[in-house]
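Have a look at the structure below before the remarks.
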Amino acid sequence: MLGRITYMELRTGWKGLLIFGILILVISAGIVQIFPFYRDSLTEQLEGANKVNLALPNEQGGNITLFWEPLENATSYMVMEDTRVSMVTAKIAYAGAETSITFEKDFEEKRYYAVMAVINETSDPVLIGIATTEKGEDPFKELLKNPAYSGFTGGRSVSMLEVKGFMTFEFFGFWWVVAGLFIAYLSVSVIASDFENKRMDVMLSAPISRRRYLLEKFGAMSIIALLTTLIAIAGLAGGLASINALNEISAEAIFLSLMSGLPFLMVITAVGMLTAVLFQKVRTGMGVTFAFVFTEFFLYTFGGFSKSLEWMKTISIFKYWDYSSVIIDDLFKSGDFVILTVLAIVLVVICIWIFEKKDIPT
Amino acid sequence: MVQEKVIVIENLTKMYGNHVGVKDLDLSVNKGEIMGFLGPNGAGKTTTIRTCLALIAKTAGEITIFGLDSHKDAVAIRKKIGYLPGDFGLIPSVKVKSYLKYLLSLRECNSTKKMVSLAERLELDLDRKTHELSKGNKLKVGIVQALMADQELIIMDEPSGLDPLVQQEFYRILREEKKHGKTVFISSHNLAEVESVCDRVAIIRKGQLVVVEDIRVLREKTGKVLEVEFSDPVNIAELKLEGVSEIHQDNGRFILTVHENLDGVIGAVSNHRILNMTLKSYSLEQLFLKYYAEAENQKRGGK
């Protein structure tokens, strides 16, 4: 009877699926609840940006004046200087009790100045704000252009003050880890555990071809991936509705952004099944599949670090699941959807081809 | 009368890299018989069986089952086969009944009647959870699933480990299956275990077939081994009776190979006070020695 293996897979695994389903629902609905608090604290921080001002000279070689609002109960101030907004290579430019400093502009490049207040000797300094020598630039916005972050947005600059930006980082930034690794684990174990628990002999002594066996398992995984996606959609939509944020992002965009990840999950499924067929062990298969997912992620992230590394992105499956395109640009990339779907199908075909040739171990 | 053959294996070779699984094996199983497939562990029994079911690919040779190619027509063949693997795995945490029903549905069979009656006869509780089962009960599940869909050919790989009473019931079931025209191919590493149920046995060793013999002929050829221990000293000459081919003395214990006249021998033995007495079949190793010696003699005689 067609679909029996699919049905049995869902039936025997329903408890685990239910727990995972609840977890997804809680995460997706819960994470957006944090947004209002996050927005308020970020707004406070951004206001701090105006607390530090920088007056540039009119002609070459003039003096720069940096001044800031004094902080109550501050004993002294510290100014850090760096050519990067991240301040990772900052040097101390000033330390003292003044609330303004003047110095000669004897450089051409863009520099950043972070001002910190020292409250007392024992506690860490408090950041008052950051200013830049580049006119009209907001250092806080620039922080978001850091390649490590832009990996999540496909290079778009989004504001974390909007729910769209928040979702991109805080939800989608780890959704692939939760869903991707869960699907990877399941897709390996639905097949490899049949090998490990010695069920393969009895399964394949029934009038079932190996192709049908694999396709039914893939069918079960497709249903699980779809359910996972639908639960996340419901959770996100519900969560956003509860904080009255559905006017900022449409339900359709939520639906499409997660749905565009379905073929992404199917590719992971196909890779998981392939490793299960190749190695016939849950642990080995899972290790290899997890390594695949992380490698793809790093390829995509590193590809964004420099133009010359861009090629890395094109061979990463993460490039073809552009959720931010749907969320930020309102554009569903059907081409990418097709590419990932075709890739999943090709991998399943390869998987069947290998499985039909392999000896079933005792 | 030409026997209709259900399984025909010709020149089967299966290599695992450099290791020989089975080499140039020729074997056929007739319709309606119970064929025993004997050999020590690692002799190639499981390899042969699993090649028949296309679970592993063959290196060379041909296997036809019901006149169909074992690999090309594997799915069609499996519709007619009930199989108990040597290592039978269960889905954990489901009821035995659910698992069996699942396997029934994979075999495109809807009737649970036979499943229920088999479980009853083998004293298997269908409402138990699979992970709670003992080794013997797991084997019962395996036996039930191999027989429940009423298939024409039943292949069983070493169904041993049942309680003696259940084992007897199991053999009764196999004989009934035979009566209904089913063919049974059953492997074992213990001759005594299957000789009461088999019509013929094939003996395999180190991947090669040693002999295929009718069970009655085998019994006549090998005889029985009678071990007897007396309380008083007995002269060995007294035991040189009709039908006894060999006698070994081991302290007070006598080991007799008896081919015929078993009642006469026992009668003679019982003239003395007996401390202990056992009647056994030949062990496989003894059988091999016998058949090898025979083959060697024939070779020498031929030269």
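What follows is calculated from the coordinates using simple rules that are stated; it is not laboratory data. Bear in mind that the values here come from a model prediction, so they are computed numbers and not experimental data. Positions of Cβ are generated from backbone atoms using ideal geometry, with glycine treated the same way; all protein chains shown enter the neighbour counts.
Projected onto its three principal axes, the C-alpha set of region A:57-134 covers 40, 24, 15 Å, listed from the longest axis down.
Given a 10 angstrom Cα cut-off, can you work out which residue in A:V282, A:V126, A:V26 is the most mobile in a GNM of chain A? With Cα springs under 10 Å in chain A, the top fluctuation among A:V282, A:V126, A:V26 is at A:V126. The value obtained for chain A, namely the Cα convex hull volume divided by the number of residues, is 178 Å³ per residue. Under a 5 Å amide H cut-off, with hydrogens placed 1.01 Å from N, A:A93 pairs with A:V79, A:M80, A:E81 among residues at least 5 apart or on other chains. For the protein assembly as shown, the residue among A:T89, A:M78, B:G136 whose Cα projects farthest onto the positive side of the dipole built from Cβ charges is B:G136. Quick one: what does P(r) look like for region A:152-287 with 5 Å bins over all Cα pairs, in whole %? Whole-percent P(r) values from 0 Å outward: 2, 10, 17, 18, 14, 11, 9, 8, 6, 4, 2, 0.
Relative to the longest principal axis of the Cα atoms of chain A, the long axis of helix A:334-357 lies at roughly 40 degrees.
Under the combined filter of DSSP loop state and at most 15 neighbouring Cβ atoms within 10 Å, region A:250-349 retains these chymotrypsin sites (Phe, Trp or Tyr not before Pro): A:F305.
So which aspartates and glutamates can B:K95 reach, going by Cα to Cα under 14 Å and dropping same-chain residues fewer than 8 places off? Hits, sequence-local ones excluded: B:D125, B:D127, B:E132. Within the same chain, aspartates and glutamates fewer than 8 places from A:K198 are excluded, and of the rest, those with a Cα less than 13 Å from its Cα are B:D87.
How many nm is it between the label spots at B:L241 and A:T43, if each spot is 7 Å from the Cα in line with the beta carbon? Going by the 7 Å Cα→Cβ label model, 10.9 nm.
For the pair A:I34 and B:R121, what calculated FRET efficiency results from E = 1/(1 + (r/R0)^6), where r is the Cβ-Cβ distance and R0 = 51 Å, to the nearest 0.05? After rounding to 0.05, the efficiency reads 0.20. The C-alpha atoms of chain A define a longest principal axis, and helix A:35-49 lies at about 30 degrees to it. DSSP beta bridges confined to the protein assembly as shown are antiparallel in about 80 percent of cases. In the structure shown, the pairs B:K14/B:K182; B:K31/B:K179; B:K14/B:K72 are assessed against 22 Å; a Cα-Cα span above that value is assigned to B:K14/B:K182.
What's the center-to-center distance, using Cα atoms, between region B:43-83 and region B:239-268 in Å? Each part's Cα centre sits 44 Å from the other's.
Restricting attention to chain B, close to 70% of DSSP beta bridges with both partner residues there are antiparallel.
Averaging the sequence gap over all C-alpha pairs within less than 8 Å and six or more residues apart, then dividing by the number of residues, gives region B:3-104 a relative contact order of 26 percent. Taking B:S187, B:S134, B:S281 as the candidate residues, the one with maximal mean-square fluctuation in a Gaussian network model of chain B, Cα springs under 10 Å, is B:S134. Of the GluC sites (Glu not before Pro) found in region A:100-135, those that fall in a DSSP loop while having at most 11 other beta-carbon atoms within 10 Å are A:E108, A:E109, A:E121. Result for chain B in a Gaussian network model with C-alpha springs under 10 Å: among B:C198, B:C109, B:C52, the largest mean-square fluctuation is at B:C109.
Taking all pairs of different Cα atoms in the protein assembly as shown, averaging 1/r and flipping that mean, what Kirkwood radius in angstroms comes out? Don't skip to the answer; put the middle values down first.
Numbers: mean 1/r = 0.0318 Å⁻¹.
Evaluated over the protein assembly as shown, this radius sits at 31.5 Å.
Rounded to the nearest 10 degrees, what's the angle between the helix A:14-31 long axis and the longest principal axis of chain A, both from Cα atoms, 0 to 90? Tilt of helix A:14-31: around 20 degrees.
For chain B, the C-alpha radius of gyration sits at 1.14 times the compact-globule guess of 2.2 N^0.38 Å, with N the residue count. If only the Cβ of Lys and Arg carry +1 and only the Cβ of Asp and Glu carry -1, the dipole of region A:57-134 around its Cα centre is close to 140 debye. Residues whose amide H falls under 5 Å from that of B:Q208, counting only those 5 or more places apart or on a different chain, are B:K23, with hydrogens built in the peptide plane. Which whole-percent values make up P(r) of region B:132-287 when all C-alpha to C-alpha distances are grouped in 5 Å steps starting at zero? Reading the bins upward from 0: 2, 7, 15, 16, 14, 13, 12, 9, 7, 4, 1, 0.
The 3J(HN,Hα) values that the Karplus relation (6.51, -1.76, 1.60; θ = phi - 60°) gives for region B:152-161 are, in residue order, 6, 10, 10, 10, 10, 9, 6, x, 10, x Hz. Gly and Pro appear as x. A simple charge model with +1 on the Cβ of Lys and Arg, -1 on the Cβ of Asp and Glu and nothing else charged puts the dipole of region B:220-302 at about 200 debye relative to its Cα centre.
In this rough spin-label picture, where each label sits 7 Å from Cα along the Cβ direction, the A:E137-B:D199 distance is 9.2 nm. Restricting the calculation to Cα atoms, region B:220-302 yields a radius of gyration followed by a Dmax of 14.4, 48 Å.
Which value at 222 nm does chain A reach when only helices count, each DSSP H run of 4 or more adding -39,500 (n - 2.57), with the total divided by all residues and rounded to the nearest 500 deg cm²/dmol? Don't skip to the answer; put the middle values down first.
On the way: 15 runs with 203 residues, N = 362.
Counting only the DSSP helices, I get -18000 deg cm²/dmol.
Applying the Karplus relation 6.51 cos²θ - 1.76 cosθ + 1.60 with θ = phi - 60° to region B:34-43 yields 3J(HN,Hα) values of 10, 9, x, 10, 10, x, x, 4, x, 7 Hz, where x marks Gly and Pro.
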